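Engineer: Handing you a structure now.
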Amino acid sequence: MLTVDSLSVGFPGNQVLQDVNFHLPQGSFCGLIGTNGSGKTTLLRTILGLVTPDKGKIETGVGGIGYVPQKIQLDPFMPLRARDVVALGIDGHHLGVPLPSPSRRRAVDSMLAEVGATEFANRRVGDLSGGQQQRIMIAHALVRGPRLLLLDEPLANLDIRSVAEVIALLHKLVVEQKITVLLSAHDMNPLLPVMNQIVYLAHGRSVSGAVEEVVRSSVLSSLYGYHIDVIQVHGRVLVVAAVGAEARTTEMAHEPVHVTSIP
Amino acid sequence: MAMFSPAIFITTAGFFHNSAVHVALAIGGSAAVVSAIVGVFTVLRAQSFAGHALADISSAGGSAALLFGLPPLVGFLAMAMLAAGGMEVVGARQIRERDLVSGVVLGAGLGLTALFLYLDISMTTASNAANMVMFGSMFTIAPETMIPALWVAVLALVMCVLLYRPLLLIAIDPDLATIRGLNVRLIGLLYLLTLSIAVALSAMTIGAILSTALLIGPAAAAIRWSCRPGPAIIIASVIAISATWGGIFLAYDSFYWTRNHGWPVSFFIVTIIFLAYLASGRTTALARLRRAITA
Ligand SMILES: Nc1ncnc2c1ncn2[C@@H]1O[C@H](COP(=O)(O)OP(=O)(O)O)[C@@H](O)[C@H]1O
Ligand SMILES: [Mg+2]
């Protein structure tokens, strides 16, 4: 469960989010869609309490929040195995050196199996592929059993196959465990088969709801403030500005309308 | 001495009965272990340069202590910890910004060291002050420094044990640590203070300039050898202490094979560390070469 109520967030001289509202029932798979700089990371970090909002309310229900940050750069020589990263998800905030614990080990093993990472559990995490690292970060985020999982651009920089694998894994978690997933992305297309909610960010404002309610020319046009076409080609959705729209305001010249997919 | 023992190690017997050697083994060994352990986290946090800057400024403290007749340990430690606190107050978050702050601290440290060394040499009888401060004074450390130095080393080790998991979590991502209720900034400060203890100890023993070798070398070799944090820390400690004790032994011995001059202990320590680092890269370098050839 996640409710965001008239949330406004700004940094000095930069109002990033204005009056953002949405509600995700437990078990939602929600895409947080917007161009670079539209405030996706800021919204997620505000939900986590890492950024203090100017106004508004956030309710996250019980059970804690799991978080997969944007583009973690793991040093290739970092002396951590995949399973060490997952174990730090359990007790990384504790002081002192961990003592060997069978129950901790069981929890890590079953989490690794859950995300399909048993095979590379003992490898150096910096040596893993992008998709494998994402699985490990998801396991790290989930190992304490949160009911809400926030992922910041987990699909960026992954090859097509890894994208499909990570999405299938998240879908499984939503279906089997009724976890609520809020996942940011600049391209909604890979998510279309699985997401049942969308929060679309542009110019600091948001629209949200079921995908077919939001990804419509009329809704997005009023969000952007100029005419937007939603085009379906070969099963993919393209969100494009009408021809000539870019030239109408300087704002648009700097922030051209978001094309969600370049096939 | 047995006939087949290598003729070059003619001093082995005297070595273990020399009190300067005892002090050097104890303080050098503790500086080595602390530097190696702190060094693993330093490499993980990409703060090698901060470590070097703190070592340089701690040598300003060491040379000031000579001038004012204070115990050198106090001078080295106080200056390094003050600078560590200052670096944290300036509060550089990004690595680039952190490097700039470290560079400024390093410059200030060397400038002050130059001044104090000049005053030391012109106003006191410490005519070899420059060499002592910049390249260490392993064999001339006062025996009464040993116990306080060991306590300071123990304090640094306790800090490493306490901060072990939080530092690893922060190395993955600071936000992940913050949402788990850790105060990342406070832990960063505690780590910097621990780092300043490590570099103060090694600046005092093998010298400010070479202390970076003891901080970074064993850690860099160890994290290539092991992909687990605990074993990496143990390997780093073993490399550091072998290098330091081996270096002390060779330096003591070199007194005889160089006809009563002796080579500096720091030279031997750094050489052994460097060889360990080269050896750690051998497997990766070979694998890469093989891949390049077969590809
Ligand atoms: N810590 C910060 N301080 C100041 N401005 C920030 C900070 N974080 C983000 N911003 C600004 O907020 C805007 C939205 O950024 P972000 O949330 O990272 O967007 P996205 O994740 O959608 O690419 C950008 O203009 C960015 O410069
Ligand atoms: Mg972002």
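The values are calculated or read from the model by the stated rules, or taken from the named source; none is laboratory data. Model, not experiment: these values are computed from the prediction. Note: ideal-geometry Cβ built from the backbone for every residue, glycine included; neighbour counts use all protein chains shown. Only protein heavy atoms, including side chains, enter the accessible area calculation; ligands, DNA and RNA are left aside. Shrake-Rupley method; radii C 1.70, N 1.55, O 1.52, S 1.80 Å.
Engineer: Under 10 Å, Cα contacts only: if you run a Gaussian network model on chain A, which one of A:141, A:121, A:107 comes out with the highest mean-square fluctuation?
Structural biologist: Looking only at A:141, A:121, A:107, the biggest GNM fluctuation is shown by A:107.
Engineer: So, one more: Going highest first, how would you order B:151-161, A:177-187 by mean Cβ packing within 10 Å?
Structural biologist: A:177-187, B:151-161
Engineer: Let me ask something else. Before anything else, pin down the relative contact order of chain B: Cα pairs under 8 Å, at least 6 apart, normalised by residue count, whole percent. Could the numbers behind the result be given before it?
Structural biologist: Details: 455 pairs, mean separation 86.3, N = 295.
Result for chain B is 29 percent.
Engineer: So, one more: Using a 10 Å cut-off on Cβ to Cβ distances, tally the other chain neighbours for every residue of A:81-92 and report the average as a whole number. All intermediate terms of the calculation are to be shown ahead of the outcome.
Structural biologist: On the way: counts 4, 1, 1, 6, 4, 0, 2, 10, 4, 1, 3, 12.
Per residue, the number of nearby Cβ atoms from other chains is 4 on average.
Engineer: For A:119, A:59, A:114, write out the residues from largest to smallest accessible area, computed with a 1.4 angstrom probe and no ligands counted.
Structural biologist: A:119, A:59, A:114
Engineer: Per-residue Cβ counts within 10 Å, from other chains only, averaged over A:96-104: what number is that?
Structural biologist: Average per residue, whole number: 2.
Engineer: Which ³J(HN,Hα) values in Hz, rounded to whole numbers, follow from the phi angles of the stretch A:182-199 under the Karplus curve 6.51 cos²θ - 1.76 cosθ + 1.60, where θ = phi - 60° and Gly and Pro get x?
Structural biologist: 10, 10, 8, 7, 8, 10, 7, 4, x, 8, 3, x, 10, 7, 10, 9, 9, 10
Engineer: Could you work out the local net charge near residue A:91, counting Lys and Arg as +1, Asp and Glu as -1, over the other residues with Cβ closer than 10 Å to its Cβ?
Structural biologist: Net charge in that neighbourhood comes out at +4.
Engineer: How long are the semi-axes of the equivalent ellipsoid of chain B, taking √(5λ) for every eigenvalue λ of the Cα gyration tensor, in whole Å from largest down? Before the final figure, lay out the partial values.
Structural biologist: Numbers: eigenvalues 193, 146, 56 Å².
Values for chain B, descending: 31, 27, 17 Å.
Engineer: Can you compute log10 of I(q)/I(0) for the stretch B:90-202 with the Debye formula, treating each Cα as one identical point scatterer, at q = 0.12, 0.17 Å⁻¹?
Structural biologist: Here the Debye-derived log intensity ratios amount to -0.63, -1.01.
Engineer: Inside 10 Å of the C-beta atoms of B:158-171, what's the mean count of C-beta atoms belonging to other chains? Before the final figure, lay out the partial values.
Structural biologist: On the way: counts 0, 0, 1, 3, 4, 2, 6, 11, 6, 1, 8, 8, 1, 6.
For peptide B:158-171, the averaged partner shielding equals 4.
Engineer: On the principal axes of its Cα set, how long, how wide and how thick is the protein assembly as shown? Give whole Å, largest value first.
Structural biologist: Each principal axis gives a Cα extent; for the protein assembly as shown these are 92, 51, 47 Å.
Engineer: Residue by residue, what Karplus-based ³J(HN,Hα) values in Hz, rounded to whole numbers, does the stretch B:39-46 have, using 6.51, -1.76 and 1.60 with θ = phi - 60° and x for Gly and Pro?
Structural biologist: Each residue of the stretch B:39-46 in turn: x, 4, 6, 4, 5, 4, 8, 6 Hz.
Engineer: Additional query: Per DSSP helix of 4 or more residues, -39500 (n - 2.57); summed, then divided by the residues of chain A. What does that give at 222 nm, rounded to the nearest 500?
Structural biologist: Working: 8 runs with 79 residues, N = 263.
Per the formula, -9000 deg cm²/dmol.
Engineer: Considering only C-alpha atoms, what is the centroid distance from the stretch A:49-107 to the stretch B:163-227, in Å?
Structural biologist: 20 Å
Engineer: Same structure, new question: What do the square roots of 5 times the Cα gyration tensor eigenvalues come to for chain A, in whole Å, largest first, as semi-axes of the equivalent ellipsoid?
Structural biologist: Over the Cα atoms of chain A, the ellipsoid semi-axes are 34, 20, 17 Å.
Engineer: What's the total accessible area buried between chains B and A, using a 1.4 Å probe, rounded to the nearest 100 Å²?
Structural biologist: 2700 Å²
Engineer: While we're on this one: Distance between Cα centroids, the stretch A:117-137 to the stretch B:62-133: provide it in whole Å.
Structural biologist: 43 Å
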